[in-house]
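Enquirer: Below is a structure I'd like to ask you about.
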Amino acid sequence: MTTTDPDTGFRALDATPMGYGSMRRKEDARFVRGKGRYLDDIVLPGMLHAAILRSPHAHARIVSIDTSAAEAHPRVRAVITGETLAGLGLAWMPTLSHDVQSVLATDKVRFQGQEVAFVVAEDRYSARDALALVDVEYDPLPAVIDAQHALDADAPVIRDDQEGRTDNHIFDWEAGDAAATDDVFARADVVSSCDMLYPRSHPAPMETCGSIASMDPVSGKLTVYTTTQAPHAHRTVYALVAGLPEHKIQIISPDIGGGFGNKVGIYPGYVCAVVGSIVTGAPVKWTEDRSENLMSTSFARDYHMRGEIAATHDGKLLGVRVTVLADHGAFNGTAQPSKMPAGLFHVFSGSYDLAAAHCAVTGVYTNKAPGGVAYACSFRITEAVYLIERLVDVLAHDQGWDPAELRRTNLLRSEQFPYTTALGWEYDSGDYPRTLATALDMAGYDELRAEQKQVRSAYERGESPMLMGIGLSFFTEAVGAGPRRTMDILGLGMADGAELRIHPTGKAVLRLSCMTQGQGHQTTFAQIVAEELGISPDDIEVVQGDTDQTPFGLGTYGSRSTPVSGAATAMVARKVRDRARIVAAAMLEVSPDDLEWEKGAFRVAGDPAAAATMNEIAMAAHSDLELPDDVEGHLDATCVYNPPNLTYPCGAYVCVVDVDTATGQVKVRRFVAVDDCGVRINPMVVEGQVHGGLADGIGMALMEVMAFDTDGNHLGASFMDYLLPTAMECPSWELGETVTPSPHHPIGAKGVGESATVGSPPAVTNAVLDAIRVRHADMPLTPAAVWRAVRGTPLRTDLAIG
Amino acid sequence: MQVPAQFEYERATSVAHAVELLTRYGPDSRLVAGGHSLIPMMKLRIAEPETLIDINDVAELTGIRLDGTELVLGAMARHADLLASPLAVEHFPILVDAERVIADPVVRNRGTVGGSLCQADPSEDLSAAFAAVHAVAVIEGADGRRQVPVREFHVGPYQTVVGDAEILVEIRVPVRPGGGSAYEKVERRVGDWSVAAAGAALWLDPTGVVTDAGIGLTAVGAAQFAAARAEEFLRGVPGSDDAFTEAGRIAAEDCRPVADQRGPVDYKRHLAGELTTRALRRAAARARGQEA
C-alpha cells in the first residue's frame, strides 16, 4: 500500500506488497541506524595496517628504492616493493583488457599516484609515517598528457616494458559498414560535424576501495574482505594470477558504499594486501583515502570524438559516423566485455532509424591512471548517447530546426521492434514516440519555448543578463550483459546463477552472484520471489557477496543485476513452484495437472476449498509425505541464467536551465525524466536510481572533470578539486514513466541503474548551449567554460586552464 | 592513507593561557579553532605542527555584540553564529551574504570567523568582506593587545601579522549610519571556494552621493583583498549605475588574478568587475532601504 502524507507530500510505505510495488528497502533499517558493515568497520584479531607509497611523477624511471629506514621503524612489519613482488612473479598482473599492469612499479612509474611500495605496520599511523622513510630516487621523463599528441612521432614511449614497442598506440577497432555509411553521407543533403570531448571523470563512490587479506597459515585458506562489485570474478582472478587454489579462496564483499564501476577491477593494493598477509602471517587491511581513490582507481570516459550526422533537407536522419581517440591511461585496464575494446559504444546510432553508421576507435596510452569503463556508463553508452544526442542538436542548430521535432520525426516507431540497428544491435522493445510525447507534455514544451523567447528579448534589449535554455535527450540503453557467447570478462561468460531454498516453515533464502552497492538488491530480489511464489519479501533473505555462500556469476555493473540476476531469480522461483506443484498434488491427492496456481497457493480446479498454501507445501516437502519416485524432497532449486539478448530501456529527458551570461553561472531550473525500463519491480527503488543518475548528469555536464597539467599533475585529486553535485544544484526531479516490457526477459524488466547517468548529461549540455545559442562547447560547463563559450573562445576542459 | 603525523595536544582555558602555551611550545605549535582547514592539512601532512593548542574552550573569544558604535565579533564566533546574528543582519548584511556562501552548514557550524582570517587563504571570503567594511583586528600577546586594520592584517597568502605567541581575539567593525553592504560570489558549486567574489559597503548622503565606499575582492589577487582606486573613484560621486559600472571596471583593472581550474585570468578579471558592480548596486539599494 502506498499512501501520500497530505502534509509533507511524502509517500508513506506502510505495508509490504506480496510481490511488486513500492516498499521500504529492507536494508535501510540497518543503514539509517548507522549499522551498515563496511570494509573499514571490519577488525580481525591481530590485524595489521598498510599504506601505499605513490609516485609523485607522471613519468619517471626508478633509479633506486631504499626501504631500510622504513624497515627499521619499530612498528613496521614489512615493506614490499616491486622487487619483492617480482620474486613471486606478481610485479605485474593481467588487466581486464588483454594487457598487463604494474602492481608495484619496478622499471618506471607511468602516472602520478602509481603504486611504488607497500608498507605493513602495526597501526595505520605508523604505516603512514613509514612511507616518508622509503627513499625513492626517480629520473623524471617527459610525460604524455594530451591524448591528441600521444601518437606524435616524438612522443615518449610509455610502455617500453613491452618488447619492440615504439609508440603509444593500443588498438584500432571499428564497427558498422564504412562503405555504406560513406555512401549515405555522399547522398545526404545536409551534414553536420562536431568535435567533442567526453572528459575524464571518476565514479567517486562515497566509500573508497579497500581490502583485508587474511591467509590462514594452517588451513591454507585465503579470506579476502574487499569492496568488490564482482566477488566471484575476483576469486577466479586471484586463483589465476596468484596461483592459489580457487577452493581455498573466499571473497567476502561486505556492505558497499557505492560502486558505479569503481569496484569492478582488482587494484594493486588488493594484491599487495594478500602478499602482505602471506609475508607477515597476519591479516592486513588496506583502505584508500580519497586522493588515492581519485588519482589511481578506475577513471571513466576520456573520449575525444569527431562525429558527423547526415540528413535530408526535410529533416530525415540518414547516418552517423564517428572517429574516437580513446585515452586509456598507462595500462589498458578497461573493464568491459573483452571482445569489445570500446565497450558497447557502437550503440551510438541511438534511438533513430538510420540507414547506416560507422565508428573507428583508436586507443592510446597516456601518463594517466588506467581504467576507463566505470561511472555507471553501461560500458561506454554514456559516450555513445552523448555523441548522438549532441549531434542531433548540432544539426538542429545548423539547420534552424526544432530539436524536439527533429527527434520526434526520426525516432524508431513501436511497430519496428524488434529492431536491428545499422550497427547490429537488436533492440527488444519500446514505444519511443510515446515516451518523448510524455516528457514534452510534462515539461510543457511549447510554453517553455514561448517563455524562452520572452527571456531572450529582454536579454537582447539589454535589460537582463539572463537567458533560458531547454535541452532534450532521448536515449536507448543496452544493459544486462551477456549473452555469454558474445560477452565475457577475462574469458568468463557473462551469465549468473541463483539458488533458492524454501525452509520448512515457508521462509526462504535466495543466494545470488550479483552484489548490491546501494541499489536495494535485498529488497528488489525478495520482491521477485514474492511475486512468483507468494512468500512475503519480509520472509526472504537475500544472500550476496560471499563466494562461499553464493553461486558463481559475474556480478553487478552495467545495470545487469535485474536483467540477469533478476531473471535468474524469477526462473529459479518458477523451478521451485514447479516442484511445489508436485508436492501439492501429493498433498491433495490429485494430479499436478488438476492444480491451478494462485499467488501463494495451489488450488484444485473446480474445488476452490481444496488448496495447499506455500507454507503448507514447504512443510510437506520436508515431511514424511510420500512423493512420486522421481521427485526429491525439500523445496529448492538452482539456475544459471544466460541472457538471450541485452535489454534496451529508453528515456526522454527535458532539462530547463537559466544562464547568467555575465557570470557564466547555470541554474538547472527543472528536469523532467520519463524512463521506460519495462516492468518496475519496486518503483520507489527505480525512482531512487533515476534520481542518483540525474544528479550524476548535472555533475558531469556542469562540474566534474579530471584535468592534468603538462607535467601530468592530477588536478582533481580531492573533493575540493573534483566537484560532485549536491542537492543544491539539483532541482526537484519530475519523473514519468512508460512501460514497455522486455519480450525476452522472464518478468519483462529492463535494467535501469545507469539509465539516468547515460541520458542526462546531453540534456543538461543541450540546455545550456540552447540558452546561449552556441553550437558546441565541451563539458563540464563551469561558469568559466560558459562565459568563454559565449565569447567564442571555449576552454579545453581536459587540460590545466592557462 | 590520510592520518596526521604525531602531535602534542593542549587545551587552553583562557586567552592568557593560550598565549602562555604558545610561548612554551614555540613556533612549531598551532592554535586550533574550528579546524576545518588545519586538520585536513595535517591529515594530508601539508601541516605538521608539533603541538595543537585547542582554544575551543576559551569562552572570552566567543560572541557577537555591539560595543558602542562598533560591532564586535569574537574570534571564536562560528560562521553559523554570524550567519544567524541579528546584529549582522541589521548593520552589515555583507557579512551575512558572505556567510551564506561559505562552505556548507557542517563547516559553518564548526569553522570560526577568526580562524578564517588567520588561515589567510586567498580565496577565503571573510577577508574581503572585512576589508570592505574597514574592520579592525584585535591581537593579544604577552605584552597586551594591539589593533591592526584588516587591510594591514595579511602579509601574503597564508601569512598574517599575528606573531608566533599571539592570538587574534576579536574583530571590530565601526558602525556608521547611512550605509548598505552586500557580497556577491561566483562558485562552481555550492560550498566551493570562490572563483571570484566582491563585497561592497557604501555610505550615501541624503542626496544619494557616495560619502564613503569600501570594496573587498576575493580570490583575484587584489592587494589586501581591497579595491582602493575604485573606492576612491566613488567617493563624492552620485551612487548611480554608471558609477558602479566604472568602479567595477577600475577594480577589474587593478586586480591580479591567477589562472587555475576555477577559471582563466580574463574570466576572473571580468568577474571582479561584474561582481563589484553588482555588489555596489545591491549595497546602494540597501543603503536606500530598497532591499533587505
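What follows is calculated from the coordinates using simple rules that are stated; it is not laboratory data. Because the structure is predicted, anything quoted here is derived from the model rather than measured. We place every Cβ from the backbone using ideal geometry, glycine too, and count neighbours over all the protein chains shown.
Enquirer: Hey, got the average number of other protein chain Cβ atoms within 10 angstrom for residues in B:261-270?
Expert: The per-residue average across the peptide is 6.
Enquirer: Take A:V631 and A:E426, extend 7 Å from each Cα along the Cα→Cβ direction, and tell me the distance between the two endpoints in nm.
Expert: It works out to 3.6 nm between the two label points.
Enquirer: Students often check this: by mean Cβ neighbours within 10 Å, which of A:609-615, A:47-53 ranks highest, and how do the rest follow?
Expert: The most tightly packed comes first, giving A:47-53, A:609-615.
Enquirer: For chain A, calculate the relative contact order in percent as a whole number, restricting contacts to Cα pairs under 8 Å that are 6 or more residues apart.
Expert: Relative contact order for chain A comes out at 15 percent.
Enquirer: Which value in deg cm²/dmol, rounded to the nearest 500, describes the helix-derived mean residue ellipticity at 222 nm for chain A, given -39,500 (n - 2.57) per DSSP H run of n ≥ 4 and division by the residue count?
Expert: Numbers: 18 runs with 209 residues, N = 802.
About -8000 deg cm²/dmol.
Enquirer: Under the Kirkwood approximation applied to all pairs of distinct alpha-carbon atoms, what is the hydrodynamic radius of the range B:179-287 in Å? Please report the intermediate quantities before stating the final value.
Expert: On the way: mean 1/r = 0.0748 Å⁻¹.
Kirkwood radius, the range B:179-287: 13.4 Å.
Enquirer: List residues of the range B:60-100, by number, whose backbone nitrogen lies under 20 Å from a label position 7 Å along Cα→C-beta of B:R146.
Expert: Only B:75 fall inside the zone, counting backbone N under 20 Å.
Enquirer: Where Lys and Arg each count +1 and Asp and Glu each count -1, what net charge lies around A:M305 among other residues with Cβ under 12 Å from its Cβ?
Expert: Numbers: positive: A:R301, A:R306, A:R321, A:R380, A:R390; negative: A:D195, A:D302, A:E308, A:D327, A:E383, A:D778.
Result for the local shell: -1.
Enquirer: Please give the FRET efficiency for A:R461 paired with B:V107, using the beta carbon to beta carbon distance and R0 = 51 Å, rounded to the nearest 0.05. Spell out each step's value before the answer.
Expert: Numbers: r = 41 Å, r/R0 = 0.81.
Efficiency for this residue pair is about 0.80.
Enquirer: With a cut-off of 18 Å, note down the residues of the range A:140-160 whose backbone N falls inside the zone around a label point 7 Å from the Cα of A:D195 toward its beta carbon.
Expert: Inside the label zone: A:145-153.
Enquirer: Counting Lys +1, Arg +1, Asp -1, Glu -1, what net charge surrounds A:A180 among other residues with beta carbon under 12 Å of its beta carbon? Can you show the working numbers first?
Expert: Working: positive: A:R187, A:R321; negative: A:D177, A:D182, A:D183.
Neighbourhood net charge equals -1.
Enquirer: To the nearest whole number, what is the average tally of beta carbon atoms from other chains within 10 Å of the beta carbons of peptide B:181-189?
Expert: On the way: counts 0, 0, 0, 1, 1, 9, 4, 11, 13.
Averaged over the peptide's residues, the number is 4.
Enquirer: If you don't mind, another one. Given the Cα atoms of the range B:59-174, and with Rh set as the inverse mean 1/r over their pairs in the Kirkwood sense, what is Rg to Rh to two decimals? Provide the component values of the computation, followed by the final result.
Expert: Values: Rg = 13.0 Å, Rh = 14.0 Å.
Looking at the range B:59-174, the ratio lands at 0.93.
Enquirer: Can you tell me the order of A:618-624, A:669-675 when each peptide is scored by its average per-residue count of other Cβ atoms within 10 angstrom, highest first?
Expert: On the way: A:618-624: 18.3, A:669-675: 24.3.
For the peptides A:618-624, A:669-675, the packing ranking is A:669-675, A:618-624.
Enquirer: Over what distance in Å are the Cα centres of the range A:282-305 and the range A:537-594 separated?
Expert: Centre-to-centre distance over Cα atoms comes out at 36 Å.
Enquirer: Which whole-number percentage describes the relative contact order of chain B, with Cα contacts under 8 Å and a sequence gap of 6 or more? Walk me through the numbers on the way to the answer.
Expert: Numbers: 699 pairs, mean separation 45.8, N = 292.
About 16 percent, as a whole number.
Enquirer: I would also like to ask the following. What do you get for the angle between helix B:15-25 and the principal long axis of chain B? Use alpha-carbon atoms, 0 to 90 degrees, nearest ten.
Expert: The angle comes out at about 60 degrees.
Enquirer: At 37 °C and a viscosity of 0.692 mPa s, what translational diffusion coefficient does Stokes-Einstein give for the protein assembly as shown, taking Rh as the Kirkwood radius over Cα pairs? Give it in µm²/s as a whole number.
Expert: On the way: Rh = 31.8 Å.
Value of D from the Cα-based Kirkwood radius: 103 µm²/s.
Enquirer: Here's another thing I want to ask about it. Gain in length, A:D624 to A:D441, computed as 0.36 nm per residue apart minus the alpha-carbon separation, to one decimal in nm?
Expert: Numbers: separation 183, 0.36 × 183 = 65.88 nm, distance 6.17 nm.
Contour length minus Cα-Cα distance gives 59.7 nm.
Enquirer: Please find the FRET efficiency linking A:D152 to A:S591, where r is the Cβ-Cβ separation and R0 is fixed at 56 Å, and quote it to the nearest 0.05.
Expert: Details: r = 77 Å, r/R0 = 1.38.
Calculated value: 0.15.
Enquirer: When the chain is fully extended, how far beyond the present Cα-Cα distance does A:A727 get from A:H776, taking 0.36 nm per residue of separation? Provide the component values of the computation, followed by the final result.
Expert: Details: separation 49, 0.36 × 49 = 17.64 nm, distance 2.72 nm.
So the chain would gain 14.9 nm between A:A727 and A:H776.
Enquirer: Let a ≥ b ≥ c be the square roots of the eigenvalues of the Cα gyration tensor of the range B:1-101; is it rounded (a/c under 1.5), or, if not, prolate (a/b larger than b/c) or oblate?
Expert: Working: a/c = 3.46, a/b = 1.65, b/c = 2.09.
Verdict is oblate for the range B:1-101.
Enquirer: Can you give the average number of partner chain beta-carbon atoms within 10 Å of each beta-carbon in peptide A:779-789, as a whole number?
Expert: Values: counts 0, 1, 0, 10, 10, 15, 4, 1, 9, 4, 0.
Whole-number average of other-chain Cβ neighbours for A:779-789 is 5.
Enquirer: How much net charge surrounds A:F417 when only other residues with a Cβ under 10 Å from its Cβ are counted (Lys, Arg +1; Asp, Glu -1)? Each step should come with its number before you reach the end.
Expert: Details: positive: A:R413; negative: A:E415, A:E426, A:D428, A:D431.
Its environment carries a net charge of -3.
Enquirer: If the chain between A:M47 and A:H503 were fully stretched, how many nm would it gain, using 0.36 nm times the residue separation less the Cα-Cα distance?
Expert: On the way: separation 456, 0.36 × 456 = 164.16 nm, distance 3.70 nm.
Stretched fully, the A:M47-A:H503 segment lengthens by 160.5 nm.
Enquirer: Okay, moving on. How high is the FRET efficiency from A:A29 to B:T69, r the C-beta distance, R0 60 Å, rounded to 0.05? Spell out each step's value before the answer.
Expert: Working: r = 58 Å, r/R0 = 0.96.
According to the calculation, E is roughly 0.55.
Enquirer: I'd like the distance between the alpha-carbon centres of the range A:659-708 and the range A:369-406, rounded to an integer number of Å.
Expert: Using only Cα atoms, the two centres lie 15 Å from each other.
Enquirer: Moving to a separate point now. Here are some pairs, A:K26/A:K507; A:K368/A:K750; A:K26/A:K263; A:K35/A:K248; A:K35/A:K507; which of them have Cα atoms lying more than 27 Å apart in this structure? Write out the running numbers ahead of the final one.
Expert: Numbers: A:K26/A:K507 15 Å; A:K368/A:K750 35 Å; A:K26/A:K263 23 Å; A:K35/A:K248 30 Å; A:K35/A:K507 24 Å.
Going by Cα-Cα distance, A:K368/A:K750; A:K35/A:K248 fall outside the 27 Å limit.
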